[in-house]
Amino acid sequence: MCEFVFDPSLWPRETSKLTEPWECPYPPVKGENYCIFHLPRRARNQVFPTISERNSEYRKAIAKTGRIQIICTTVDHLNLKGLWPYIANGSEVKIGFSTVLGTVDFSREEILRSLQIVDCRFGKIDLSHASVQAPFGVEQSLIVDGDFTDTTFHDRVQATDTTFHSVSFMEAVFSKHLTLCDSMVDSASISEVEDNLGEGHCRFIQTANFMGAKFNNGAIFAKSIFRNGANFFHSEFKSGCVFHGTTFSTGVVFDSATFTRETDFTDVEFGTATFSKSVFNGPASFEGSEFGSKYVYLMEEDIPDHIFSEGIERESVQNCNNVLGNGVFSDKIEDTSRVSASFNETESNDIFRFTDINSKYYLTIPNAKFHHIELDVEFENHPCSVAFYGSEINGGVFRFNHKNSLYEVPRTDLGDVTIDSKQGINPFRNLFIDNTSFYNFDFFDNRDHLEDIRWEIDGVRGNEFTQESENKETTYAKAKLGASDVGDSLAESNFFVREKRTRRQKYTSRFADSDDVRKKARYGVQWALNKSYDIACVYGESPGRVVGWSLFCVGIFSVLYGIIEETGIQPVEYTFSVGLGQNETLNITIWGMGNLIASWQSFTGFMFGGGIENATPMVNLLSSIESFIGAFLISLFVATIVRSVDR
């Protein structure tokens, strides 16, 4: 047998997988004391000068022993295809503490035995189009190029403390758990994973490609480090996934990805992220995560050979080159380069927790659907916002815990969303509403905030932001309908008033912009009628305003009657006494009561009959005018009362 013995105590790193001295099971090369694997590399290349000869000798040694146990060796290439019929049942394939300068080739193989790789350095490992039937593990290794394209893993896969320079799992299928850290979970749910999850995490130097991968039974990427980014385009996570504490230095693509169960993105550094058309059917948490990349995105041909241009560091240029080498990833990141993250057409059918978020730039969430979203975002740069253009939000909580938190919901369907704020912030100063529909939105709980801004929701006018609504009248009309649906008559009334006043502003602008005289006249009349309706009764919303105008009318006409010398109105004086104590009284006489009584009779005369008797023609004329005005104001008062009761 080969005389080589591996003593783990002499290895410079921890050897937890191998604690006792290991004796090589392979037969020695003819005329030598060592097998083909442990023969010194120079001697091996002299005895077997070609790669095919060396591979043939490797296969002969393995076939004779029925085992693949390659420990502490350095080889140029390792072709292990077609050896599985020679491997004994129950035997594990172990490659440990070794270096393969070229390729370890398992491509298009059906691997029936457990495959464990420990503390190795591989130029390339090729498992593309393979079917791995047993557990597969990689530990404390360095893989320069890993090709797992279209590989099906039927058992669990675990990689710990391993560095991948370049790796592709495109269209790979993981039937059981994929774990990229020390912890291995067989029966616990994703929500029950231990707190120390992520120890022994993996590192990815170039953009990792998981495009189209299927994770059927849980995927754990906790605390993994993607030095550039990762591409999960059109991937499927069918049984929960954990990215807790993961770092994507440049960015990550989850476009068209499907998350069927729990999704943990807590405390993740996303860089620039895109989740366009992704679907979350289970609860998803992004709590404590950061969005926005520090790197500059450039077209590959625009990156200069030198790296001394102002503001661009060596690492930034390298990351750009690496990122742009992946076509799908670079296209997605380039489309999102002006924002920190994009959730275009994202759909969430469970709780979507997006709280305690820190973002460098804008977060765009257009045309998305959320069953329940919890939102709390702070921006490093101003002004920035979370933009829900054209989205549908059935419920949730919008938290405004920072003065620079701006949320935009134009053309959005806003459901039962609770508005919460701290630090004395009026959230409606940081909530941009434009052509927004409200369904089951509780205006009553936000009444104090709305009264503080005088029910003006047609834009934001805070210290940090100023943005006007482009559809003011429609905005208030939809808010009015939303308030009516939940039975909030006060909110409905105030939004109706704002709707009418914004319509008057439209008449003003149309009058100014029009060159047609007839149109100017029409807009002028419409403006005047609108203004009169507002002045008279606040568009039928203020019975008190009508009462005030009625009393003013009665008072004015009583004064006019008093000015006319001959009216035929019998003068009436009213005197009343006020006791001052000690048998002293103060007599107060009010003159002109006859004119006041006559004015009141005239005011109600058109509706209830009566009027001034024996009056002069001038007084009769004034009385008739007052009667007409009185009839109009009384009718208007009745209408406003009925409107209020109806609300």
Practice task
Have a look at Asn281, Asn322 and point out the one that is over 18 Å from Leu180 (Cβ atoms), modelled with pLDDT of 95 or more and not aliphatic (A, V, I, L, M).
Solution key: Asn281
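So, in the stretch 158-182, of the ones that are polar (S, T, N, Q) and in contact with a Phe, Trp or Tyr (Cβ under 7 Å, 6 or more places away or on another chain), which residue ends up least open to solvent (accessible area, probe 1.4 Å)? If you could, list the steps in order and put the result at the bottom.
Kept after step one, since they are polar (S, T, N, Q), are these residues of the stretch 158-182: 158, 160, 162-163, 166, 168, 175, 179.
Cutting the leftovers down to in contact with a Phe, Trp or Tyr (Cβ under 7 Å, 6 or more places away or on another chain) gives us 168, 175.
Numbers: Ser168: 23, Ser175: 39 Å².
The residue in question is Ser168.
Filter the stretch 420-437 down to the residues that are in a loop (DSSP other than H, G, I, E, B) and touching a Gly at 6+ places or on another chain (Cβ under 7 Å) and list them by number.
The first filter runs over the stretch 420-437 and keeps only residues in a loop (DSSP other than H, G, I, E, B), leaving 422-426, 430, 433-436.
Result: Asn430, single match.
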Exercise for the section: Scan the stretch 256-281 residue by residue and report those that are surrounded by 19 or more Cβ atoms within 10 Å (Cβ to Cβ), more than 14 Å from the chain's Cα centre (by Cα) and touching a residue at least 60 places away in the same chain (Cβ under 8 Å). Expected result: Arg261, Glu262, Asp264
Practice task
Give the residue that is surrounded by the fewest Cβ atoms within 10 Å (Cβ to Cβ), with candidates limited to residues of the stretch 216-240 that are free of Cβ contacts under 8 Å to residues at least 60 places away in the same chain and touching a Gly at 6+ places or on another chain (Cβ under 7 Å).
Solution key: Ser239
Practice task
Keeping to the stretch 509-530, report how many residues are of a type outside the set (Gly, Ala, Ser), open to solvent by less than 70 Å² (accessible area, probe 1.4 Å) and assigned to a helix (DSSP H, G or I).
Solution key: 4
Problem - Total residues in the stretch 365-413, condition out of contact with any Pro (no Cβ under 6 Å at 6 or more places or on another chain) and either in contact (Cβ under 8 Å) with a residue 60 or more places away in the chain or in a loop (DSSP other than H, G, I, E, B) (or both) - result: 22
Fill in the blank from the handout: Those residues of the stretch 277-294 which are within 20 Å of Gly395 (Cα to Cα) and outside any loop (DSSP other than H, G, I, E, B) amount to Val279, Phe280, Ala284, Ser285
Practice task
Within the stretch 407-428, track down each residue that is crowded, with 21+ Cβ neighbours inside 10 Å and either over 16 Å from Thr355 (Cβ atoms) or aromatic (Phe, Trp, Tyr) (or both).
Solution key: Tyr407, Glu408, Val409, Thr412, Leu414, Phe428
Practice task
Given the conditions (1) touching a helix residue (DSSP H, G or I) at 6+ places or on another chain (Cβ under 7 Å); (2) of a type outside the set (Asp, Glu); (3) surrounded by fewer than 19 Cβ atoms within 10 Å (Cβ to Cβ), report the number of the one that Thr474 does not fulfil.
Solution key: (1)
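The values are calculated or read from the model by the stated rules, or taken from the named source; none is laboratory data. Just so we're clear, the structure is a prediction, and the values are computed from it rather than from any experiment. Every residue, glycine as well, gets a Cβ built from its backbone with ideal geometry; the counts of neighbours run over all protein chains shown. In case anyone asks, the SASA skips ligands and DNA or RNA and just uses the protein heavy atoms, side chains included. Shrake-Rupley method; radii C 1.70, N 1.55, O 1.52, S 1.80 Å.
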